[in-house]
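Please treat every number below as a calculation from the coordinates, not as lab data. Nothing here was measured: the structure is a model prediction, and the numbers come from that model. Please note: Cβ atoms are built from the backbone with ideal geometry, for glycine as well, and neighbour counts cover all protein chains shown.
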Amino acid sequence: MNKLSSLHDAVASIPPGSHVALPGFAIARCAMAFAHEVIRQGINHLTLSQCVGAMDADILVGAGMADRLIYGGGSLDRFGRLSGVNRGIETGTLAAEEYSSLSVTFRYLAGSLGLPFIPIRSLQGSDLLVNLQEKHPEDVATVTDPFTGEEWLALKPLLPDVAVAIVSAADSEGNAQINGPRWDNLEQARASKRTIVLAHEIISTEEIRKHPERNVIPGFLVSHVVHVPYAAHPCSLYQAYDYDADHIRLYAEAAQSPETMQTYLDAYVYGVPDHESYLAKLGGDELLKKIAADPLRGY
Amino acid sequence: MTSEYSPSELMAVAGSRELKDGQIVAVGLGLPVVASFLAKQTHAPNMTILFELGVVDPEPIDSGVGLADPRVWYRAKVLSSFVDILGTVLHKGRVDVGFLGGLEVDQFGNLNTTLVGDPRGKFKHMVGSGGANDIASCANKTVIIIRHEARKLKEAISFVTSPGYISGGSARADLNMRGGPERVITDKAIFGFHPETKRMQLLSIHPGNALEDVLNTMGFVPEMSGTIPFTEPPTQEQLRLIREQIDPTRMYMG
């Protein structure tokens, strides 16, 4: 089945209030083109989740699209804090359910396996757990190991409405290849009701069949396939393009106050109709030359 | 080459001494990267280095801005996932040593990377856990690397992101948790943990510091017994490797 779609239509398929699992890790493989389109269409009251908070969650929270974030902490690496997310937590406008990276991943894993709960060694003895027990008792509990009688902390599965994946290549059915590390993305896709794939490159199903071992997301999980080159900009896509340090610095600076964040959004999100125009505004071919990765080094 | 060295260089060398050949080590960016690569290039060539997001045994030739930078994944033996690294290796119990850092640490080795201020009042939210809580909970031992300042070494901290010995004594063992912090390495001293109380215990003082320098710049009095020796300084070869090969641009050493 051909699931090729425009980014506009793929994003428009998400109702306000949905739970969206985001693919970014700090400044790597973030769903920036997706986030920009969500903001342009004003799809709000979202619940977002990811095992390490990243730039895609930060801009969505900063633009007022998300009410809730389930995550394992995060940053923009050396470029700074997640100012949009942190401001939401500090002022109380964002309900953040804060875990560790593995505990969020385990919640996706339980969801992907259809398990009712998953026991975990993490979180015990921490204030992360104290906060979760106090504010979200529906998501954490203790269970007794039926074989040893030992007490374990158990987490509830995460079942997002939609996962978003930024992939190196996909065919029109959504069979997708991700080069490089995949952090929590494969469990996200399998735990979610459906996945939207943003592919740097569209390849034929014949090409997928030639290297089936590279296909990490099977097409039957996917509802929309969108061809969006440089969809992670200013973040990186391994072996395709490097992160754009200048633009991440510009964003990190802007995200520090609601006013400068609005100026950023006006210029780079609301001020352009689509991702192609965004790339053109930032220099077009010159930009793409600057961030081009050496496929052997990966960056 | 001068035989003088910076406190950061001594911290990295002290960190590398905690690692043994053949071990599996979970590493975050910064000084632990230097400590681990130094160990691998000297006494522990068969050690395996892990980054939480799914990176096994990389050999970077360029410094990175964080774990999300493909520069630090270069020449890895495996590029996989959180379930693979933090799940089937760390959670399973195969990680021998995990490195941790933080905004503040208390006398029982509990770490805060979440917030500064009053969690019930006005606070500034920082990074949070990432894989740190998982490493603190699941590694067979951890080594904490932190600056020696009274605002960082405190009797009590404002938020426990990653547990050490919790309230001390048997508190950690009572929760059926394995491991726990083995060392705290600062720019003035090295601490272990008292076998009974599980409070930080002063083991050695870095050359050039007096006992008062160490005690006056921390928020509690650590356990001490007998004469406290000086920390062994770095060797010429260790300094050469750090400066010429591991961190020539001083990205990690600051």
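Which are the unpartnered cysteines of the protein assembly as shown, meaning those with no other cysteine Cβ under 4.7 Å from their Cβ?
Lacking a cysteine Cβ partner under 4.7 Å: A:CYS51, B:CYS138.
Which parts of segment A:79-121 would a label at A:SER18 reach, counting a residue when its backbone N lies under 15 Å from a point 7 Å out along Cα-to-Cβ?
Flagged as within label range: none.
At a 10 Å Cβ-Cβ cut-off, how would you order B:ARG17, B:ARG172, fewest neighbours first?
Details: B:ARG17 21, B:ARG172 25.
So the residues, fewest neighbours to most, are B:ARG17, B:ARG172.
Share of antiparallel DSSP beta bridges in segment B:62-178, in percent to the nearest 5? List each step's numbers first, then the result.
Numbers: 6 of 11 bridges.
Once the DSSP bridges in segment B:62-178 are tallied, antiparallel ones form about 55 percent.
Taking θ = phi - 60°, what integer Hz values does the Karplus form 6.51 cos²θ - 1.76 cosθ + 1.60 yield along segment B:41-58, in sequence order, with x for Gly and Pro?
Karplus values, whole Hz, x for Gly and Pro: 8, 10, 8, 10, x, 9, 7, 10, 9, 10, 10, 3, 6, x, 10, 10, 6, x.
Cross-link candidates for A:LYS289: which lysines have Cα within less than 20 Å, leaving aside residues fewer than 8 places away along the same chain?
The reachable lysines, counting only those whose Cα sits under 20 Å from A:LYS289, are A:LYS281.
Can you give me the distance in nm between label points at A:LEU113 and B:PHE230, each placed 7 Å from the Cα along the Cα-to-Cβ direction?
Reported label-point gap for A:LEU113 and B:PHE230 is 5.4 nm.
Express as a percent, rounded to the nearest 5, the fraction of DSSP beta bridges in the protein assembly as shown (both residues included) that run antiparallel. Intermediate values should be presented prior to the final figure.
Values: 32 of 81 bridges.
Just about 40 percent of them are antiparallel.
Sorted from largest down, give the three principal axis spans of the alpha carbons of segment B:2-50, whole angstrom values.
So the three principal-axis extents are 31, 21, 13 Å.
Apply the Karplus curve 6.51 cos²θ - 1.76 cosθ + 1.60, θ = phi - 60°, to the phi angles in segment A:3-16 and return the couplings in whole Hz, x for Gly and Pro.
The phi angles translate into 10, 4, 8, 7, 4, 4, 5, 4, 5, 5, 6, 9, x, x Hz.
Which order do the peptides B:129-136, A:254-261 take when ranked by the mean count of other beta-carbon atoms within 10 Å per residue, highest first? It would help to have the intermediate numbers written out before the result.
Details: B:129-136: 30.5, A:254-261: 16.4.
Final packing ranking: B:129-136, A:254-261.
Along the positive direction of the dipole of the protein assembly as shown (beta-carbon charges: Lys, Arg +1; Asp, Glu -1; about the Cα centre), which of A:LEU296, B:ASN110, B:MET47 reaches farthest?
Final value for the positive-end residue is B:MET47.
When Rg is the radius of gyration of the Cα atoms in segment B:122-254 and Rh is its Kirkwood radius, what does Rg/Rh come to?
Details: Rg = 16.5 Å, Rh = 16.7 Å.
Checking Rg against Rh, the ratio lands at 0.99.
Determine, for each peptide in B:187-193, A:270-276, the mean count of other beta carbons within 10 angstrom over its residues, then list the peptides with the highest first. Walk me through the intermediate numbers first.
Working: B:187-193: 22.7, A:270-276: 15.0.
Taking the mean over residues of other Cβ atoms within 10 Å, the ranking is B:187-193, A:270-276.
Do you know the relative contact order of chain A, to the nearest whole percent, from alpha carbon pairs under 8 angstrom that are 6+ apart? Spell out each step's value before the answer.
Working: 666 pairs, mean separation 58.7, N = 299.
Relative contact order comes out at 20 percent.
How large is ³J(HN,Hα) for each residue in segment A:17-31, as worked out from phi by the Karplus curve 6.51 cos²θ - 1.76 cosθ + 1.60 (θ = phi - 60°), to whole Hz, x for Gly and Pro?
Per residue, the Karplus-derived 3J(HN,Hα) values read x, 6, 9, 10, 8, 9, x, x, 9, 6, 10, 10, 6, 7, 7 Hz.
Using the Cα atoms of segment B:64-193 to build a convex hull, what is its mean projected area in square nanometres?
9.2
Taking beta carbons within 10 Å but only from partner chains, what does the mean come to for residues B:57-68?
If you average over the peptide's residues, the count of other-chain Cβ atoms is 4.
Which value, in debye to the nearest 20, describes the size of the charge dipole of segment A:116-155 about its Cα centre when Lys and Arg Cβ atoms bear +1, Asp and Glu Cβ atoms bear -1, and nothing else is charged? List each step's numbers first, then the result.
Details: 2 positive and 7 negative charges, 17 e Å.
Dipole magnitude for segment A:116-155 comes out near 80 debye.
When the convex hull of the Cα atoms of chain A is projected onto a plane and the area is averaged over all directions, what value comes out in nm²? Kindly include the intermediate steps, with their values, before the conclusion.
Details: hull surface 64.2 nm².
Value for chain A: 16.1 nm².
Where a Cα-Cα gap under 14 Å defines reach, which aspartates and glutamates qualify for A:LYS3, not counting those fewer than 8 residues away within the same chain?
Result set, ordered by chain and number: A:ASP171, A:GLU173.
In the structure displayed, which of B:LYS124/B:LYS188; A:LYS135/B:LYS122; B:LYS40/B:LYS152; A:LYS156/B:LYS92; B:LYS154/B:LYS188; B:LYS20/B:LYS188 lie more than 22 Å apart, Cα to Cα? Don't skip to the answer; put the middle values down first.
Details: B:LYS124/B:LYS188 28 Å; A:LYS135/B:LYS122 19 Å; B:LYS40/B:LYS152 30 Å; A:LYS156/B:LYS92 20 Å; B:LYS154/B:LYS188 15 Å; B:LYS20/B:LYS188 24 Å.
From B:LYS124/B:LYS188; A:LYS135/B:LYS122; B:LYS40/B:LYS152; A:LYS156/B:LYS92; B:LYS154/B:LYS188; B:LYS20/B:LYS188, over 22 Å: B:LYS124/B:LYS188; B:LYS40/B:LYS152; B:LYS20/B:LYS188.
What average count of beta carbons from other chains do you get within 10 Å of the Cβ of residues in A:236-244?
Values: counts 4, 1, 3, 1, 0, 0, 3, 5, 0.
Partner-chain Cβ atoms within 10 Å, mean over residues of A:236-244: 2.
What nm value, rounded to one decimal, do you get for the distance between B:ASN176 and A:GLU207 when each label is placed 7 Å out toward the C-beta?
5.0
When only C-alpha pairs under 8 Å and at least 6 residues apart count, what is the relative contact order of chain B, in percent? It would help to have the intermediate numbers written out before the result.
Details: 556 pairs, mean separation 48.8, N = 254.
Rounded, it is 19 percent for chain B.
Tell me the mean residue ellipticity at 222 nm calculated for chain B from its helices only (DSSP H runs of n ≥ 4, each -39500 (n - 2.57), averaged over every residue, nearest 500). Before the final figure, lay out the partial values.
On the way: 6 runs with 44 residues, N = 254.
Rounded to the nearest 500, it is -4500 deg cm²/dmol.
Binning every alpha carbon pair distance of segment B:7-246 at 10 Å from zero, what are the percents per bin?
Histogramming segment B:7-246 at 10 Å steps yields 8, 32, 37, 20, 3, 0 percent.
Please grab the % of Cα pairs in segment B:158-216 that end up more than 17 Å from each other.
47
Hey, what's the Kirkwood Rh for segment A:116-155 if you take every pair of different alpha carbons, in angstrom? Don't jump to the answer; show the numbers that get you there.
Working: mean 1/r = 0.0947 Å⁻¹.
Result for segment A:116-155, one decimal place: 10.6 Å.
Kirkwood Rh over Cα pairs of segment A:164-291 into Stokes-Einstein at 25 °C, 0.890 mPa s: D in µm²/s?
Values: Rh = 15.9 Å.
Rounded, D is 154 µm²/s.
Let me check I've understood the local charge: for B:ALA156, count other residues with C-beta under 11 angstrom from its C-beta, Lys and Arg +1, Asp and Glu -1. What total comes out? All intermediate terms of the calculation are to be shown ahead of the outcome.
Numbers: positive: B:LYS154; negative: B:GLU104, B:ASP106, B:GLU155.
Neighbour charge sum, excluding B:ALA156 itself: -2.
Across peptide B:131-141, what mean number of C-beta atoms from other chains lies inside 10 Å of a residue's C-beta?
Counting Cβ atoms of other protein chains within 10 Å of each residue's Cβ and averaging gives 6.
Quick check: convex hull of the Cα atoms in segment A:189-257, volume per residue, rounded to a whole Å³? Show your work: numbers first, answer last.
Working: hull volume 8.7 nm³, N = 69.
Spelled out: Cα convex hull of segment A:189-257, divided by residues, is 126 Å³.
Could you check what % of the DSSP bridge pairs in segment B:109-254 are antiparallel, to the nearest 5? Don't skip to the answer; put the middle values down first.
Working: 11 of 17 bridges.
Beta bridges within segment B:109-254, antiparallel portion: roughly 65 percent.
Over the protein assembly as shown, one equal point on each Cα, no solvent: what is log10 I(q)/I(0) by the Debye formula at q = 0.10, 0.12 Å⁻¹?
-0.80, -1.15
How far, in nm, would the chain grow between A:LYS281 and A:GLN256 when pulled straight, counting 0.36 nm per residue and subtracting the alpha carbon separation? List each step's numbers first, then the result.
Numbers: separation 25, 0.36 × 25 = 9.00 nm, distance 2.29 nm.
Using 0.36 nm per residue and subtracting the Cα-Cα distance, I get 6.7 nm.
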